[in-house]
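The values are calculated or read from the model by the stated rules, or taken from the named source; none is laboratory data. Values in this document were obtained by computation on a predicted structure and should not be read as measured data. Here the Cβ is made from the backbone with ideal geometry for all residues, glycine too, and neighbour counts use every protein chain on show.
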């Protein structure tokens, strides 16, 4: 069953994890973002799809 506190907790954890790299090594993050500009859109879309599928499978596994 869907519960709002779970969604907010997941979002909070997402923000914590997303903030680690810029906090620890901002220069490396800038270089990585600059390199992303040369990656074709199709590869970025495929990586995004793979990430979503892995996340969904992990969520189903955890919740079952």
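Quick one: is residue 15 modelled with pLDDT of 95 or more and touching a helix residue (DSSP H, G or I) at 6+ places or on another chain (Cβ under 8 Å)?
Here the answer is no, as residue 15 does not meet what is asked.
Pairs please, first residue from segment 8-23 and in contact (Cβ under 8 Å) with a residue 24 or more places away in the chain and on the phi < 0 side of the Ramachandran plot, second anywhere and part of a helix (DSSP H, G or I) and surrounded by 10 or more Cβ atoms within 10 Å (Cβ to Cβ), Cβ atoms under 6 Å, 6+ apart in sequence or on different chains.
none
Condition first: assigned to a helix (DSSP H, G or I) and loosely packed, with under 10 Cβ neighbours inside 10 Å. Now tell me which residues in segment 1-10 satisfy that.
4, 5
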